[in-house]
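Engineer: One structure coming up, written as structure tokens, with questions to follow.
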Amino acid sequence: QNNLNIQHILVETITIIDVDRAPQITLPDLLEISEGQTFNWDVAVEDLDGDEVELKFTGLPEGVILNQENNSISWDVSYNQITRRSNFFYNILNSLRLEKCFTGKDEIPFEIEACGKDKCTTVQSQIVVYNTNRAPEFIEFYNQNINETESVKLYVDAIDPDGDIVKYTFTEPLSKSKGEWDTTYDDSGIHNIYVTASDGF
């Protein structure tokens with residue numbers, strides 16, 4: 001008889017099941033912007049499995065636009081994002097030019113959730129909006145003709161777009177703070193007066 005080598009081959013199948021990994025989000029702890037500016041931010045998000053990622057934001061202010069195609073947000077920050085409080089305490093602070101120490105910024109916490117196939121990642125951050133101070137604007141100002149020895153009180157009016165209290169200063173011959181002048185017989189002629197309207201800054 002011939003010696004026969006008989007081999008038995010057993011074939012086994014190993015199945016490796018895909019384990020989904022949560023997306024990774026990289027963002028700073030603080031995003032800063034000032035009133036009147038345009039805020040553009042690309043969200044740095046990556047899914048290590050190459051899955052499509054869907055973003056969800058919670059707590060963003062009104063007016064923020066989310067672009068899901070390139071994971072970015074944009075926001076035209078209004079000058080009215082920070083508004084002064086109109087009450088006795090804050091009016092006193094404003095007249096002393098101290099109010100902006102308490103209302104100089106607006107902190108907006110928000111949350112981003114990034115979801116892949118099965119798992120999600122959630123991170124938190126905040127946007128800090130800084131107040132942009134705007135100068136007062138004159139709304140009423142007119143020339144005056146008077147006779148010698150008459151008294152002058154120069155009337156001007158200005159508004160502050162931020163709601164700050166406006167104070168006026170006048171150049172000579174008017175009094176510096178009140179804009180008044182008691183003319184004499186020696187004061188005939190044309191006098192150019194400069195008036196400054198200031199919110200203190």
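Engineer: For segment 136-161, how many residues meet the condition of being open to solvent by less than 50 Å² (accessible area, probe 1.4 Å), assigned to a loop (DSSP other than H, G, I, E, B) and of a type in the set (D, E, K, R)?
Structural biologist: Total meeting the criteria: 1.
Engineer: In segment 64-83, how many residues are under 23 Å from residue 131 (Cα atoms) and either in contact (Cβ under 8 Å) with a residue 60 or more places away in the chain or open to solvent by less than 50 Å² (accessible area, probe 1.4 Å) (or both)? So that I can check it myself, show each step before the final result.
Structural biologist: We begin by selecting, within segment 64-83, every residue under 23 Å from residue 131 (Cα atoms); these are 64-65, 73-83.
When the remaining residues are screened for being either in contact (Cβ under 8 Å) with a residue 60 or more places away in the chain or open to solvent by less than 50 Å² (accessible area, probe 1.4 Å) (or both), the result is 64, 73-75, 77, 79, 82-83.
Here the count works out to 8.
Engineer: Suppose we filter segment 16-43 for residues that are in contact (Cβ under 8 Å) with a residue 24 or more places away in the chain, open to solvent by 50 Å² or more (accessible area, probe 1.4 Å) and not acidic (Asp, Glu); how many remain? Lay out the reasoning, then the answer.
Structural biologist: Taking segment 16-43 as the starting set, the residues that turn out to be in contact (Cβ under 8 Å) with a residue 24 or more places away in the chain are 18, 20-25, 27-43.
From the residues that got through so far, the ones that are open to solvent by 50 Å² or more (accessible area, probe 1.4 Å) too are 18, 21, 24, 28-30, 32, 37-38, 40, 42.
The next check asks that each one be not acidic (Asp, Glu); those that pass are 21, 24, 28, 30, 37-38, 40.
Total meeting the criteria: 7.
Residues checked against (1) modelled with pLDDT of 85 or more; (2) over 13 Å from residue 127 (Cα atoms); (3) aliphatic (A, V, I, L, M):
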site: 7; (1), (2), (3): no, yes, no
site: 11; (1), (2), (3): no, yes, yes
site: 14; (1), (2), (3): yes, yes, yes
site: 27; (1), (2), (3): no, no, yes
site: 49; (1), (2), (3): yes, yes, no
site: 53; (1), (2), (3): yes, yes, yes
site: 56; (1), (2), (3): yes, yes, no
site: 59; (1), (2), (3): yes, no, no
site: 64; (1), (2), (3): yes, no, yes
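Engineer: I'd like to verify a number: residues in segment 191-201 that are closer than 19 Å to residue 159 by Cβ and open to solvent by less than 50 Å² (accessible area, probe 1.4 Å), how many?
Structural biologist: 5
Engineer: From the list 25, 16, exactly one residue is touching a Ser or Thr at 6+ places or on another chain (Cβ under 7 Å) and more than 17 Å from residue 108 (Cβ to Cβ). Which is it? Can you show your working first?
Structural biologist: On the way: 16 fails: touching a Ser or Thr at 6+ places or on another chain (Cβ under 7 Å).
Answer to the selection: 25.
Engineer: Taking the condition small (Gly, Ala, Ser) and either free of Cβ contacts under 8 Å to residues at least 12 places away in the same chain or assigned to a loop (DSSP other than H, G, I, E, B) (or both), does residue 175 pass? Give the steps one after another, and end with the answer.
Structural biologist: Details: small (Gly, Ala, Ser): yes; either free of Cβ contacts under 8 Å to residues at least 12 places away in the same chain or assigned to a loop (DSSP other than H, G, I, E, B) (or both): yes.
So residue 175 passes the test.
Engineer: Further, regarding this structure: Select from segment 162-190 the residues that are closer than 30 Å to residue 35 by Cβ and either polar (S, T, N, Q) or modelled with pLDDT of 90 or more (or both) and write down the one among them that is most open to solvent (accessible area, probe 1.4 Å). Steps first, please.
Structural biologist: To start, the set of residues in segment 162-190 that are closer than 30 Å to residue 35 by Cβ comprises 162-169.
If we keep only those that are either polar (S, T, N, Q) or modelled with pLDDT of 90 or more (or both) as well, we get 166-169.
Details: 166: 30, 167: 101, 168: 57, 169: 57 Å².
Restricting to residues being closer than 30 Å to residue 35 by Cβ and either polar (S, T, N, Q) or modelled with pLDDT of 90 or more (or both), the top hit is 167.
Engineer: Can you pull out the residues in segment 114-127 that are open to solvent by 60 Å² or more (accessible area, probe 1.4 Å) and touching a residue at least 24 places away in the same chain (Cβ under 8 Å)?
Structural biologist: First, pick out the residues of segment 114-127 that are open to solvent by 60 Å² or more (accessible area, probe 1.4 Å): 117-120, 122, 124.
The answer is 117, 118, 119, 120.
Engineer: For segment 61-81, which residues satisfy the criterion of being under 30 Å from residue 164 (Cα atoms) and not small (Gly, Ala, Ser)?
Structural biologist: Step one: filter segment 61-81 for residues under 30 Å from residue 164 (Cα atoms), giving 61-64, 74-81.
Scanning segment 61-81 gives 61, 62, 64, 75, 76, 77, 79, 80, 81.
The values are calculated or read from the model by the stated rules, or taken from the named source; none is laboratory data. Everything numeric in this text was worked out from a predicted model, so none of it was measured. With ideal geometry, Cβ positions are generated from the backbone for all residues, glycine too; neighbour counts draw on all protein chains shown. These area figures cover heavy atoms from the full protein model, side chains too; ligands, DNA and RNA do not enter into them. Shrake-Rupley method; radii C 1.70, N 1.55, O 1.52, S 1.80 Å.
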